[in-house]
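The structure appears right after this line, and notes come after that.
The values are calculated or read from the model by the stated rules, or taken from the named source; none is laboratory data. No experiment lies behind these values; they were computed from the predicted model shown. Every residue, glycine among them, receives a Cβ derived from its backbone with ideal geometry; neighbour counts consider all protein chains shown.
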Amino acid sequence: MANYPKILMTTQGLSLISEANATGQALTFSKVLLGDGNLEGDSIRSLTQLKGPKLELAVTGGTNLGSGQFQVRAVCSNASLDTGFFAREVGVYAKVGATGVEKLIAYTNGGNFVDYIPDKSVPIDSQIFKIDIVVGDTESVTVQVKDETYLIKAEMDEHNASGSAHENRFKLFEKVSELGDDIIKKLALTSAVTAVTAMQTNSWFGQLLKMVLAASGVRYNIAQNGYICFGSFFGGLIIQWGLAADYTSATYVCTLPITVNKGLLVLAGDTGAATISYGAGFKTNASVEIFSSQPTWKQSTFYLAVGEK
C-alpha cells in the first residue's frame with residue numbers, strides 16, 4: 001500500500017492563492033497528475049511541474065473541509081495507460097478564474113513506498129484519491145470536472161443531499177401530472193360528435209384519443225360483415241353485423257367476424273319488403289343462427305349481434 005508524505009504547497013501555489021484573494025476570483029483545481037520522478041534533493045517549494053508526469057487523473061469533485069482546507073477528489077484508472085510505472089509523484093494543478101494559467105499548486109513524493117500501476121493490458125479497479133489542500137482564507141474554491149469523469153459515491157451523496165438535486169425531474173413530473181389532468185378534463189367536456197371529428201384530424205387531441213382508445217381495446221371494421229369493439233372503457237361491448245345472402249332453408253348459421261366470450265342479443269330482419277318473420281340467437285360464441293318463417297323462399301337476411309368480450 002502506498003504511503004505518501006503530507007502534500008506541500010509550492011511557491012507558485014501560494015502565489016495563486018494570494019492572487020485569488022487579491023482579485024476576488026475563484027481558485028479552481030483543474031487536474032491531478034501522477035508521475036514516477038524522484039525528488040533527488042530538490043525543494044518541493046520550488047517545483048513548477050512533476051519530474052516525470054505519466055498519468056492524469058479524472059477530477060470528480062471537491063469538498064470544503066473548513067479551517068482553510070479543501071479536499072480534491074480524483075479517480076485513477078489505467079484504461080489509457082500505455083506503459084506501467086511506480087506512482088511516486090502526486091501533483092495538484094490549479095488556476096485563478098476561468099482563463100487563468102494552470103500551475104502546480106501542491107506536490108508530494110512517496111519515494112519507494114508507492115504502488116506500481118500496470119499498463120492498460122492489465123486492468124485495475126479504479127482508485128479514489130482524496131487530497132487535502134491548504135487554501136487559507138480564499139473565499140471561493142472550485143473544481144474543474146471533466147465530462148468523461150466518473151460519478152463516485154461521494155458525488156452521488158452530495159447530489160442527493162442538495163435541496164435542488166432533482167428539481168428539474170420533479171418539475172417534469174408536475175408537468176406530466178398537469179397534462180394528465182388536462183386530458184381528463186378535455187375528455188369529460190368532449191361530446192361524441194366532437195370526439196369522432198377529432199379522430200378524423202391530425203390534431204394532438206385526435207392523435208392522443210386514438211392512442212388511448214386503441215390501448216383500451218377499441219377497434220372496428222366498417223364493412224358488410226363488420227364489427228365495433230368498444231374496449232375496456234365500455235365493458236368490452238362488441239356490436240357485429242352481417243348478411244346471410246340467398247339461402248332457402250328454415251335455419252341459417254352465420255360465422256361472426258369476431259368471437260365473443262358471452263352472447264347477449266341477436267336481431268334478424270329481411271333486406272326487402274317481404275313479410276317474413278325471423279328469430280335469431282347465438283349458436284356458439286363464434287356464430288349466430290337465423291330462423292325463418294318461410295323456409296321455402298329464397299331470401300337474404302341481415303343480422304345484428306351484441307356480445308361481450
Sole exception among (1) modelled with pLDDT under 90; (2) in a strand (DSSP E or B); (3) under 48 Å from the mean Cα position of the chain (by Cα); (4) not hydrophobic (A, V, I, L, M, F, W, C) for Thr197, by number
(2)
Scan the stretch 273-309 for residues that are more than 15 Å from Ile258 (Cβ to Cβ) and either among the hydroxyl-bearing types (Ser, Thr, Tyr) or free of Cβ contacts under 8 Å to residues at least 12 places away in the same chain (or both) and jot them down.
Ala273, Thr275, Ser277, Tyr278, Ser292, Ser293, Thr296, Ser300, Thr301
Could you check the stretch 206-251 and list, in sequence order, the residues that are touching a residue at least 40 places away in the same chain (Cβ under 8 Å) and hydroxyl-bearing (Ser, Thr, Tyr)?
Tyr247, Thr248, Ser249, Thr251
Regarding the stretch 241-260, can at least one residue be identified that is in a helix (DSSP H, G or I) and either at pLDDT 85 or above or exposed (fewer than 13 other Cβ atoms within 10 Å of the Cβ) (or both)?
no
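Give the stretch 262-309 a look and list any residue that's of a type outside the set (D, E, K, R) and within 49 Å of the chain's Cα centre (by Cα), or say none. Spell out the reasoning first.
Taking the stretch 262-309 as the starting set, the residues that turn out to be of a type outside the set (D, E, K, R) are 263-269, 271-282, 284-288, 290-297, 299-307.
Matches in the stretch 262-309: Gly263, Leu264, Leu265, Thr284, Asn285, Ala286, Ser287, Leu304, Ala305, Val306, Gly307.
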Would you be able to tell me the number of residues in the stretch 92-123 that are hydrophobic (A, V, I, L, M, F, W, C), crowded, with 17+ Cβ neighbours inside 10 Å and farther than 18 Å from Leu39 by Cα?
3
From the list Lys95, Lys103, exactly one residue is of a type in the set (Lys, Arg), more than 37 Å from the chain's Cα centre (by Cα) and modelled with pLDDT of 90 or more. Which is it?
Lys103
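So how many residues does the stretch 261-291 have that are in a loop (DSSP other than H, G, I, E, B) and of a type in the set (Lys, Arg)? Can you show your working first?
Quick first cut of the stretch 261-291, residues in a loop (DSSP other than H, G, I, E, B) only: 261, 271-277, 285-286.
Adding the requirement that they be of a type in the set (Lys, Arg) leaves none.
So the count comes out to 0.
Considering the stretch 78-98 alone, what residues qualify as being of a type in the set (Gly, Ala, Ser) and touching a residue at least 60 places away in the same chain (Cβ under 8 Å)?
Looking only at the stretch 78-98, we keep the residues that are of a type in the set (Gly, Ala, Ser), and these are 79-80, 84, 87, 91, 94, 97-98.
Answer for the stretch 78-98, where residues must be of a type in the set (Gly, Ala, Ser) and touching a residue at least 60 places away in the same chain (Cβ under 8 Å): Ala87, Ala94, Gly97, Ala98.
Just to verify a result, which residue in the stretch 26-36, among those that are closer than 29 Å to Arg88 by Cβ and hydrophobic (A, V, I, L, M, F, W, C), is surrounded by the fewest Cβ atoms within 10 Å (Cβ to Cβ)? Break it down stepwise before answering.
So in the stretch 26-36, the residues closer than 29 Å to Arg88 by Cβ come out as 27-36.
If we keep only those that are hydrophobic (A, V, I, L, M, F, W, C) as well, we get 27, 29, 32-34.
Details: Leu27: 26, Phe29: 28, Val32: 22, Leu33: 20, Leu34: 24.
Per the stated criteria, the residue is Leu33.
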Residues satisfying the stated conditions in the stretch 1-15, i.e. over 11 Å from Val92 (Cβ atoms), under 44 Å from the mean Cα position of the chain (by Cα) and at pLDDT 90 or above
Tyr4, Lys6
Residues satisfying the stated conditions in the stretch 90-130, i.e. touching a Ser or Thr at 6+ places or on another chain (Cβ under 9 Å), assigned to a loop (DSSP other than H, G, I, E, B) and within 22 Å of Gln25 (Cβ to Cβ)
Gly97, Ala98, Gly100, Glu102
Can you tell me which residues in the stretch 8-25 are crowded, with 17+ Cβ neighbours inside 10 Å and part of a loop (DSSP other than H, G, I, E, B)?
Thr10, Gln25
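Return a yes/no flag: does the stretch 230-238 have any residue that is part of a strand (DSSP E or B), more than 30 Å from Ser216 (Cβ to Cβ) and at pLDDT 90 or above.
Within the stretch 230-238 (the criterion being part of a strand (DSSP E or B), more than 30 Å from Ser216 (Cβ to Cβ) and at pLDDT 90 or above), the answer is no, since none of the residues qualifies.
Of everything in the stretch 280-294, what is surrounded by 13 or more Cβ atoms within 10 Å (Cβ to Cβ) and farther than 25 Å from Gly236 by Cα? Give them in sequence order.
Keep residues of the stretch 280-294 that are surrounded by 13 or more Cβ atoms within 10 Å (Cβ to Cβ), which gives 280-292, 294.
Answer for the stretch 280-294, where residues must be surrounded by 13 or more Cβ atoms within 10 Å (Cβ to Cβ) and farther than 25 Å from Gly236 by Cα: Phe291, Ser292, Gln294.
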